[in-house]
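K.L.:
So that we are looking at the same thing, I have put the structure below in structure tokens.
Computed from the coordinates by the stated procedures, all read-outs in this text should not be read as laboratory data. All values derive from a computational prediction rather than experimental measurement. Please note: Cβ atoms are built from the backbone with ideal geometry, for glycine as well, and neighbour counts cover all protein chains shown.
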Amino acid sequence: MAGIGGPDAAAFAQKSADALGDDVLQRTIRTRQDGRQERQRQAVAELPDWEAWKDAVSAIRAHTIEHLDLYLEQFADNVERRGGHVFFARDGTEARDYIAQVASKLDARLIVKAKSMLSEEIGLNDALSATGAEVVETDLGEFIIQLAHETPFHILGPASHKTLDEIRELFEALSGRQLEGGPVELAAFAREYLREKFLIADMGVSGCNFGVASEGSVVVVSNEGNARLTTSLPGTHVALMGLDRLVPDLESLGPMLTVLPRSANGVRSTAYVSIITGPRRPQDQDGPQDLHVVIIDNGRSRILGGPYREILKCIRCGACLDNCPVYRNIGGHAYGPVYSGPIGAVLTPLLKGLADHAHLPFASSLCYVCNDVCSARIPLADYLADLRADVVAGGLDNRIWRAGFRGFAEATRRPLVWESGLRMAGLGLRFWERDGVVRGGPSLLGRWTESRDLPGLAKHSFHERWRKGMTSVPGEGD
Amino acid sequence: MERERLLQSVRARLGRTQDGGAPAPPRFRPMAPPFADSEDDCVRLFLERQAELGVAVSAVAVRDEAQTAVQQLLGDRRQRITCSPELCWPAIVPMWTESVPDSDFGLCEADWAIAETGSIVLSMGGLRRRDVSLLPPAVGFFVARSRIVARLGDVLRSLAASPDSLPTCVTLVTGPSASADIVGVRTLGVHGPGEVHVWLVENE
């Protein structure tokens, strides 16, 4: 959206244009989205009461958010009762400082990480590297984009835009040797390379899909097993949890763990779900001696009690990305470095401020498919429309647009002005009209028609024809 | 300090003025699945799920037979087995290794199995190590027929019923380790075991 949203908006326009102009990327996004949609459809069709399961997720998450202060206290008390440490961080800086301090105290040389979008959000890797430690992402997709120095393309499939040859080149550069074969061979290389890291790592950093308030348990979901390795092998485990990611008790996990994998990967269950309750106990043979749970606000508490509070019900399934027609065209990078798709278009402005991200709510066709597929029944499309209204109410919109809409409103109230205006516009547009479609033109018209088809105006307006008794059929005889 | 400050801002946003417990969370009673009432149906569905997940299943009548089955599978392959002490039967001893990272096969006892998803539930802590089911390239689970439940909710309710005995780590394992992070192609054994065996113990 030209003129809206500051420097990030310019990057949005540039990255969208790059993605739209990249034929290979366009095919890749479409193939992945089609595959994910089909698997999600099959997995959902298996449960005849699927909609009721989503209602349950929505109700439990809404209840938790409504009583978040009580559940946060209960959760923190229980983590500590089981021997874990809890740190409440107001923002990314406090979280980074605390975790870097833990790493420094351990004199950690090697830190392994399981995929965590929150870690991306607070930019943890740079802070940990600054302590002198080697930081290694172990989720295969995160590992690939770490090597490529990129940000995630999708909240679940961070490297889903990478081709086989690109991945091969990255792995070859790392290993210093030629790697033959396809995905299986490349994955085998990553397993071998990362296994060595796991066995000697001093610290493991993971996300937390759900925190269970009644037990102080950290629930981590993964398919590859890297999250299990990260949370089991190193002597210290640091779990990052968004302030909002709690459920009241173990039983409440049922709907979450039933809906999440179906909406996310189109499977009945991910390969691994771990419910971790405290650090290693005296009689345990393995597991980390230290567990730190870092509860991070970073803008979330501001959303509580406000008009957009339901966004905090999100369980990060990614279904809104997988079904979004805008994501299908522009991919994940245009939205910014962390959250993409409809969830990103709502969450990023709320977390980081609307002024710099006023363009994001406009990255939607408002087709409402995100509302339909959302696991937690978040009214994403309504929020996008409401955020647009906030943009205008806050004076963050484009002045030219504003003047244009004001002019439009005035003209529609005055039939004479409207009709003469239309006639002039019709004449003017004819300069750039070829085969019934307007292309090019000055200023906004040129930019508008760069990527859109604008049909030329009919020779005679509806009003004119109406006055003549509608003798000609619209579209014919003009 | 940070804790109180943050909780205070959460309370303020929620407009809560006084302390008090949260009301009971909403409970969901899903439509009963058609297989839930019959143990035979649950077992059948669990076995179907294993086949779909690419897990090799064999049934053994009693625990002693399992020893022979393991020996048959692994003896010929000259494999080094890792397992917790209660499974280190005489037949296993010659193949047993102390070093989990160097082992070829992890042997575990399932606490429960879930018919609907085909998941194996492992409680870990004490002598049951987490890495036994994680580091070796292949893993095998003993599943007693009587421990197969219909749904995840059944397991969660059992765990919730005795919170004081909740182990350090409960893991649900559903098929082999898998990833589609390289060009969307499903590859197995990316970090965890790529090969999974299940021995269903009929009478226990």
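K.L.:
For peptide A:253-266, what's the mean number of Cβ atoms from other chains within 10 Å of each residue's Cβ? Don't skip to the end; give the middle numbers.
P.N.:
Numbers: counts 6, 10, 6, 1, 6, 7, 0, 0, 2, 0, 0, 0, 2, 0.
Average per residue, whole number: 3.
K.L.:
Quick one: what are the phi-derived ³J(HN,Hα) couplings along segment A:111-124, Karplus 6.51/-1.76/1.60 with θ = phi - 60°, whole Hz, x for glycine and proline?
P.N.:
Per-residue couplings from phi come out as 10, 9, 10, 9, 4, 8, 5, 5, 4, 5, 4, 9, x, 5 Hz.
K.L.:
Note down the relative contact order for segment A:407-467 as a percent, whole number, built from C-alpha pairs under 8 angstrom at least six residues apart. Could you put the intermediate results ahead of the total?
P.N.:
Values: 38 pairs, mean separation 15.2, N = 61.
It rounds to 25 percent for segment A:407-467.
K.L.:
For segment A:263-292 and segment A:63-123, what is the separation of their Cα centres, given in Å?
P.N.:
16 Å
K.L.:
DSSP beta bridges in chain B, what fraction antiparallel, as a percent rounded to 5? Walk me through the numbers before you get to the answer.
P.N.:
On the way: 11 of 34 bridges.
Close to 30 percent.
K.L.:
If you don't mind, there's one more thing I want to ask. Express in whole angstrom the spacing between the alpha-carbon centres of segment A:314-371 and segment B:1-70.
P.N.:
31 Å
K.L.:
Give me the number: length gained by fully extending A:A188 to A:S420, i.e. 0.36 nm times residue separation minus the C-alpha to C-alpha distance, one decimal in nm. Each step should come with its number before you reach the end.
P.N.:
Values: separation 232, 0.36 × 232 = 83.52 nm, distance 7.04 nm.
Answer, rounded to one decimal: 76.5 nm.
K.L.:
For segment A:47-301, with only Lys/Arg (+1) and Asp/Glu (-1) charged at the beta-carbon, what is the dipole magnitude about the Cα centre, in debye rounded to 20? Please report the intermediate quantities before stating the final value.
P.N.:
Details: 23 positive and 38 negative charges, 86 e Å.
In debye, rounded to 20, segment A:47-301 gives about 420.
K.L.:
Separate question: Amide H neighbours of A:L454 under 5 Å, counting only residues 5+ apart in sequence or on other chains, H built in-plane at 1.01 Å?
P.N.:
So A:L454 has HN proximity to A:V438.
K.L.:
Taking each full run of DSSP H in chain B as one helix, which ones are at least 15 Å long along their axis (Cα atoms) and have mean Kyte-Doolittle hydropathy of at least 1.6? Let's see the in-between values first.
P.N.:
Values: long enough: B:2-14 (18 Å, -0.92); B:39-53 (21 Å, -0.49); B:63-75 (17 Å, -0.59).
Helices meeting the criterion: none.
K.L.:
Divide by every residue of chain A the summed helix terms, -39500 (n - 2.57) for each DSSP H run of at least 4, and state the resulting mean residue ellipticity at 222 nm, rounded to the nearest 500 deg cm²/dmol. Provide the component values of the computation, followed by the final result.
P.N.:
Values: 22 runs with 241 residues, N = 478.
Rounded to the nearest 500, it is -15000 deg cm²/dmol.
K.L.:
Using a Gaussian network model of chain B whose springs link C-alpha atoms within less than 10 Å, name the residue from B:S119, B:S103, B:S162 with the highest mean-square fluctuation.
P.N.:
Highest fluctuation of the listed residues: B:S162.
K.L.:
Mind checking the angle between helix A:92-106 and chain A's longest principal axis? C-alpha axes, 0 to 90 degrees, to the nearest 10.
P.N.:
Tilt of helix A:92-106: around 20 degrees.
K.L.:
Remind me, relative contact order of chain A in percent, using alpha carbon pairs under 8 angstrom and six or more residues apart? Write down the numbers at each step before the final one.
P.N.:
Values: 781 pairs, mean separation 95.6, N = 478.
Relative contact order comes out at 20 percent.
K.L.:
Another question, if that's okay. At a 10 angstrom cut-off on C-beta neighbours, averaged per residue, how do the peptides A:254-261, A:22-29 rank from highest to lowest?
P.N.:
Values: A:254-261: 24.6, A:22-29: 14.8.
Highest to lowest by the protection proxy: A:254-261, A:22-29.
K.L.:
Write out the GluC sites (Glu not before Pro) in segment A:101-199 meeting two conditions: DSSP loop, and at most 16 other Cβ atoms within 10 Å of their Cβ. Walk me through the intermediate numbers first.
P.N.:
On the way: sites: A:E120, A:E121, A:E134, A:E137, A:E142, A:E150, A:E166, A:E169, A:E172, A:E180, A:E185, A:E192, A:E196; in loops: A:E150, A:E180.
Of the GluC sites (Glu not before Pro), the ones in loops of segment A:101-199 whose Cβ has at most 16 other Cβ atoms within 10 Å are A:E150, A:E180.
K.L.:
Angle check, please: helix A:183-200 long axis (alpha carbons) against the longest principal axis of chain A (alpha carbons), in degrees 0 to 90, nearest 10.
P.N.:
Long axis of A:183-200 versus the principal axis of chain A: about 40 degrees.
K.L.:
Amide H neighbours of A:V293 under 5 Å, at least 5 residues apart or on other chains, H built in the peptide plane: list them.
P.N.:
Residues meeting the criterion, in which the H sits 1.01 Å from N, are A:H85, A:V86, A:F87, A:A239.
K.L.:
Next up: Please give the peptides A:223-231, A:385-393, B:132-140 ranked by average Cβ packing (other Cβ atoms within 10 Å per residue), highest first, as a rough proxy for protection.
P.N.:
Values: A:223-231: 29.3, A:385-393: 15.8, B:132-140: 24.8.
Descending packing order for the listed peptides: A:223-231, B:132-140, A:385-393.
K.L.:
Continuing with the same structure: Please report the antiparallel percentage of DSSP beta bridges with both residues in the protein assembly as shown, rounded to the nearest 5. Let's see the in-between values first.
P.N.:
On the way: 28 of 76 bridges.
DSSP beta bridges in the protein assembly as shown are roughly 35 percent antiparallel.
K.L.:
Less than 12 Å Cβ to Cβ from B:G192, Lys/Arg counted +1 and Asp/Glu -1: what total charge do the surrounding residues give?
P.N.:
Working: positive: A:R191, A:R195, A:R228, B:R130; negative: A:E224, B:D131, B:E195.
Neighbour charge sum, excluding B:G192 itself: +1.
K.L.:
Spelling out what I want: for every residue of segment B:132-146, take phi, set θ = phi - 60°, compute 6.51 cos²θ - 1.76 cosθ + 1.60 (Karplus), and round to whole Hz; glycine and proline get x.
P.N.:
For segment B:132-146, the Karplus curve yields 4, 8, 10, 7, x, x, 9, 9, x, 10, 8, 10, 6, 3, 6 Hz.
K.L.:
Tell me the trypsin sites (Lys or Arg not before Pro) within segment A:30-132 that lie in a loop according to DSSP and have at most 16 other beta-carbon atoms within 10 Å.
P.N.:
Working: sites: A:R30, A:R32, A:R36, A:R39, A:R41, A:K54, A:R61, A:R81, A:R82, A:R90, A:R96, A:K105, A:R109, A:K113, A:K115; in loops: A:R82, A:R90, A:R109, A:K115.
Filter output for segment A:30-132: A:R109.
K.L.:
Just from its helices, what would the mean residue ellipticity at 222 nm be for chain B, if runs of 4 or more DSSP H residues each count -39500 (n - 2.57) and the sum is divided by every residue, rounded to the nearest 500 deg cm²/dmol? Show your work: numbers first, answer last.
P.N.:
Details: 4 runs with 51 residues, N = 204.
It comes out at -8000 deg cm²/dmol, rounded to the nearest 500.
K.L.:
Among DSSP bridges having both ends in segment A:204-307, what percentage is antiparallel? Round to the nearest 5. It would help to have the intermediate numbers written out before the result.
P.N.:
Working: 8 of 20 bridges.
Among the beta bridges of segment A:204-307, antiparallel pairing accounts for roughly 40 percent.
K.L.:
Return the average number of partner chain Cβ atoms within 10 angstrom of each residue Cβ along peptide B:123-135. Show your work: numbers first, answer last.
P.N.:
Values: counts 1, 7, 9, 5, 3, 3, 5, 13, 8, 2, 3, 8, 8.
Partner Cβ neighbours, averaged per residue: 6.
K.L.:
Now for a different question. State the answer as a single residue: which of A:G204, A:S263, A:A227 lies farthest towards the positive end of the charge dipole of chain A, with beta carbon charges of +1 for Lys and Arg and -1 for Asp and Glu, about the Cα centre.
P.N.:
Value computed over the given set: A:S263.
K.L.:
Less than 9 Å Cβ to Cβ from A:I296, Lys/Arg counted +1 and Asp/Glu -1: what total charge do the surrounding residues give?
P.N.:
Charge balance in the 9 Å sphere: -2.
K.L.:
Averaged over its residues, how many other protein chain Cβ atoms are within 10 Å of peptide A:298-306's Cβ atoms? Kindly include the intermediate steps, with their values, before the conclusion.
P.N.:
On the way: counts 0, 0, 2, 9, 2, 1, 7, 6, 1.
For this peptide, the per-residue mean of nearby foreign Cβ atoms is 3.
K.L.:
Put +1 on the Cβ of every Lys and Arg and -1 on every Asp and Glu Cβ in the protein assembly as shown; which of A:P248, A:G436, A:V326 then has its Cα farthest towards the positive end of the dipole?
P.N.:
Most positive-ward Cα: A:G436.
K.L.:
I would also like to ask the following. Quick check for me: using +1 on Lys/Arg Cβ and -1 on Asp/Glu Cβ, what's the dipole size of segment A:301-392 about its Cα centre, in debye to the nearest 20?
P.N.:
Numbers: 8 positive and 7 negative charges, 41 e Å.
Rounded to the nearest 20 debye, it is 200 debye.
K.L.:
With just the Cα atoms defining each centre, how far is segment B:85-125 from segment A:26-40? Give it in Å.
P.N.:
Rounded to whole Å, the Cα centres lie 37 Å apart.
K.L.:
May I pose another question? Output ³J(HN,Hα) for segment A:359-367: one whole-Hz value per residue in order, computed from phi by the Karplus curve 6.51 cos²θ - 1.76 cosθ + 1.60 with θ = phi - 60°, and x for Gly and Pro.
P.N.:
Calculated HN-Hα couplings, in order: 6, 5, x, 8, 7, 7, 8, 6, 7 Hz.
K.L.:
On to the next question. 5 Å is the cut-off here: which amide hydrogens, built 1.01 Å from N in the peptide plane, fall below it relative to B:C169, excluding neighbours closer than 5 in sequence?
P.N.:
Here A:T277, B:M124 satisfy the definition.
K.L.:
Shape call for segment A:1-97 from the C-alpha gyration tensor, a ≥ b ≥ c root eigenvalues: rounded (a/c under 1.5), prolate (a/b greater than b/c) or oblate? Can you show the working numbers first?
P.N.:
On the way: a/c = 2.52, a/b = 1.33, b/c = 1.89.
Note, shape of segment A:1-97 comes out oblate.
K.L.:
Please report, in debye to the nearest 20, how large the charge dipole of the protein assembly as shown is about its Cα centre when each Lys and Arg carries +1 at its beta carbon and each Asp and Glu carries -1 there. Before the final figure, lay out the partial values.
P.N.:
Working: 74 positive and 88 negative charges, 476 e Å.
For this selection, approximately 2280 debye.
K.L.:
Just B:P101, B:P85, B:P193 to compare: in a GNM of chain B, with alpha carbon springs under 10 Å, which one fluctuates most?
P.N.:
Top of the fluctuation ranking is B:P85.
K.L.:
Can you find, among A:S104, A:F88, A:V135, the residue farthest towards the positive end of the dipole of segment A:51-192? Put +1 on the C-beta of Lys and Arg, -1 on that of Asp and Glu.
P.N.:
About the Cα centre, the residue reaching furthest to the positive side is A:S104.
K.L.:
Which whole number in µm²/s is D for chain A by Stokes-Einstein, with the Kirkwood Rh taken over Cα pairs at 4 °C and 1.567 mPa s? Display every interim value, and only then the final one.
P.N.:
Working: Rh = 24.8 Å.
In µm²/s, the coefficient rounds to 52.
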